[in-house]
Amino acid sequence: MKPMKNILKVSIVVLFSTLMAQCLFMGHPAGQGPMGALYQETTMAGSGNDLTIPQTHEGRACTNRFWLYIGSSWGEGTIENAAENGGVTRISTVDTEQLNILSIYSRQCTVVRGDNKPVKPGSTSQPGPGFSDTVIMRDGTVHRNVKTIIQGNLVNIIKSDGTSLTVPKTQVRAVRKGR
């Protein structure tokens, strides 16, 4: 019976140590923002918002993580998915909502607000509303007449035709904001 008690004690110590490592050393499971060891719920505003576009529609896309299954995660919290889920065609604002419970379950949602008016592709001389930024990548690629949203360590590049590209900040040399 004594070996069984030792196995139980070791198992409890390992489980407790693993939980504490999750809480103390990994930061927020989603990789951004503050972390509460027991409970945390935050909303972080995005940057590059275009408040001239009315906010008549809202879309949400989430990524979830459940630790007990060795960190299994599901969902795609992209701006594109959030816009599609809410029927948003012209984006006014992009925010991030995060939830963490005991580092066992966490969720990060991208919340997009805007309207559902048709997007007219912009030209070099007259870009569509809000599509007046220029992004210069480190590899020399230049994205003109785009909308940029800088969120943490990511830069979201939204083109006037509705397509989007998300890249790490380290790949971007400069972002020149338009009007």
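The values are calculated or read from the model by the stated rules, or taken from the named source; none is laboratory data. Note that the structure is predicted; figures quoted are calculated from it, not measured. Every residue, glycine as well, gets a Cβ built from its backbone with ideal geometry; the counts of neighbours run over all protein chains shown.
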* Any hit, region 101-114, residues being of a type outside the set (S, T, N, Q), within 13 Å of S164 (Cβ to Cβ), at pLDDT 85 or above and in the same structural domain as V175 (by TED's automatic domain parsing) -> no
* **Matching residues, region 93-112, being over 16 Å from T43 (Cβ atoms), touching a strand residue (DSSP E or B) at 6+ places or on another chain (Cβ under 8 Å) and either without any contact (Cβ under 8 Å) to a residue 24 or more places away in the chain or hydroxyl-bearing (S, T, Y) (or both)** => Y105
* **Filter result (touching a Cys at 6+ places or on another chain (Cβ under 8 Å) and part of a strand (DSSP E or B)) within region 75-97** => T96, E97
* Asked: Got a sec? Which of N85, N153 is modelled with pLDDT of 85 or more and either polar (S, T, N, Q) or in the same structural domain as T42 (by TED's automatic domain parsing) (or both)?
  -> N85
* **Residues that are more than 23 Å from D95 (Cβ to Cβ) and surrounded by 16 or more Cβ atoms within 10 Å (Cβ to Cβ), drawn from region 144-179** => R144, N145
* To do: State whether one or more residues within region 52-74 are assigned to a loop (DSSP other than H, G, I, E, B), closer than 28 Å to D161 by Cβ and modelled with pLDDT under 85.
  => yes
* Name the one entry in S47, S11 that is more than 21 Å from N153 (Cβ to Cβ) and either modelled with pLDDT of 80 or more or within 19 Å of the chain's Cα centre (by Cα) (or both). => S11
